[in-house]
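S.K.: Attaching a single structure in structure tokens format; questions to follow.
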Amino acid sequence: MGLTMSQWDDLDEHDRAWALGLDVADAQLNVEDAEGKCPACGGPKAECQDPDNQHAYVATFKRCYRSRAIEEARRTRKNDPDLGSLLIAVHLDPTKKKSARARKG
């Protein structure tokens, strides 16, 4: 709940009851959410752990070019002893888009 002991002590009985009630309600919601979700994928357990669905899931791949740019930047600095602490900023340069290059040539 985020109260210090002295703040808790300053609450009257009514406010303490409300605070405890909110904590109990939050705990119940978290348990209900956790019970219904798969710990591996976060999907609904009833669906993703049903043996009938074993071969029914189809995976697709997409490429994130922003992540690719970050990985390429890391590869160029692979010998940097501070690589793990580098913050890599990425921005989209519209002049380098395929569509922009096609218009030039």
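S.K.: Which numbered condition trips up LYS62, out of (1) within 25 Å of the chain's Cα centre (by Cα); (2) farther than 24 Å from LYS96 by Cβ?
M.R.: Among (1) within 25 Å of the chain's Cα centre (by Cα); (2) farther than 24 Å from LYS96 by Cβ, the lone unmet condition for LYS62 is (2).
S.K.: Considering only residues that are assigned to a helix (DSSP H, G or I), closer than 14 Å to LEU92 by Cα and free of Cβ contacts under 8 Å to residues at least 24 places away in the same chain, which ones fall in region 61-78?
M.R.: TYR65, SER67, ARG68, ALA69, ILE70
Rule-based calculations on the coordinates, nothing more; no lab input. This one's a predicted model, so the numbers in the text were calculated from it and none came from an experiment. Positions of Cβ are generated from backbone atoms using ideal geometry, with glycine treated the same way; all protein chains shown enter the neighbour counts.
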